[in-house]
1. Send over a whole-number figure in Å² for the accessible area per residue of the stretch 251-299, probe 1.4 Å.
2. For Cys117 and Lys54, compute 0.36 nm times the residue count separating them, minus their Cα-Cα distance, and round to one decimal in nm.
3. How would Thr62, Thr259 rank on accessible area, largest to smallest, probe 1.4 Å?
4. Tell me the carbon and sulfur percent of the accessible area for the stretch 201-281, rounded to whole percent, probe radius 1.4 Å.
5. Ordered by residue, what ³J(HN,Hα) values in Hz, to whole numbers, does the stretch 263-270 give under the Karplus form 6.51 cos²θ - 1.76 cosθ + 1.60, where θ = phi - 60° and Gly and Pro are x?
6. Report relative contact order for the stretch 154-194 in percent, whole number only (criteria: Cα-Cα under 8 Å, sequence separation at least 6).
7. Glu80 to Tyr191: extension gain in nm, 0.36 nm per residue of separation minus the Cα-Cα distance?
8. Assuming 0.36 nm per residue, please report the length gained on full extension of the stretch Ile65 to Trp298 beyond their Cα-Cα distance.
Amino acid sequence: MADNEQTENLEPRPEEIKVKKKRGKKLPIILVIILAVLALCTVGVMHQNTQLEKTFYQVKSTKVIDNIRVVCIADMHLKEFGEDNADLIYEIEKLSPDIIAIAGDMNMESEPDNYDCVISLCKKLNEIAPVYYSLGNHEFDALLFSDSDIYDDIKDAGISILNNETETITIGSTTIDIIGLSQGPSTYEEYGASFFEKAMSADDNFKLVLTHYPENFLGVIEDYEIDLALSGHAHGGLVRLPWIGGLYAADQGFFPELTEGYHEIGNSKVVITRGLWKSGKMPRINNKPEIAVVDISWY
């Protein structure tokens, strides 16, 4: 009898069976909702990463007489916007730039011979306005470690590629020294310091510096008086968090200081573009591909 009573106590009551059945039905619904949200987020991120965003900046200088517009792009990493970058070219053409600046890393160092889209883009942009190209780490690594011909091919395409070089141009009545600094902080002292000091002290012209690495303004060249510097490299911090900014950037780590936008550092004015794409597996989230537009005027 005691055994029968024990058995009866182990049997679930009817209301318990109903609860278990209900819970069993809810789990698939929750999973479906989670998967649907993840799918929507993925589609949203993929769509966002095809939407070119133009960001406008105003820089004033008593060294310029004419109003001058500079369009800056960087970090394309072989990404194409439209067939043969037709969408990117269209957006830049609409901006009517006086100068197009490329702040490096348009290729992928891991694919040293795959850069036809870079050359094609450069040629078409050069029909819109003169293009000035500064080397990034991917171009430099392709040159140093893979014997890539990218430098020569860009130059042969009629582009002014500045590898620790200066080109002086005149727009209207304004003279500008465009200075391409190829080194980042780790190699600046050995390979870039002598060139940059001479370039910055050569004359009183407006100094437009193209340097791929914004980290140069964290302990290397922030004491110079640069009228306008254009950088990339940080990819906007890749994942951009509301009210916080970029999550991670190469050479700066987590919660980096310099990933995008306008900065006044010492006596220098710096614009960092978020760039057009990424170079690793980490996705761009809340971080549209960017074309930076800088209007320079005396007033």
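1. On a per-residue basis, 46 Å².
2. Going from the current span to full extension adds 20.5 nm.
3. Most to least solvent-accessible, the answer reads Thr62, Thr259.
4. Within the stretch 201-281, the accessible surface is 49 percent carbon and sulfur.
5. 9, 10, 10, x, 9, 10, 10, 10
6. About 31 percent, as a whole number.
7. Computed gain between Glu80 and Tyr191 is 36.7 nm.
8. Stretched fully, the Ile65-Trp298 segment lengthens by 83.2 nm.
The values are calculated or read from the model by the stated rules, or taken from the named source; none is laboratory data. None of the values given here were measured: they were computed from a predicted structure. Counting neighbours? That spans all protein chains shown, and the Cβs are built from the backbone with ideal geometry, glycine included. Side chains included, ligands, DNA and RNA excluded: accessible areas come from the protein's heavy atoms. Shrake-Rupley method; radii C 1.70, N 1.55, O 1.52, S 1.80 Å.
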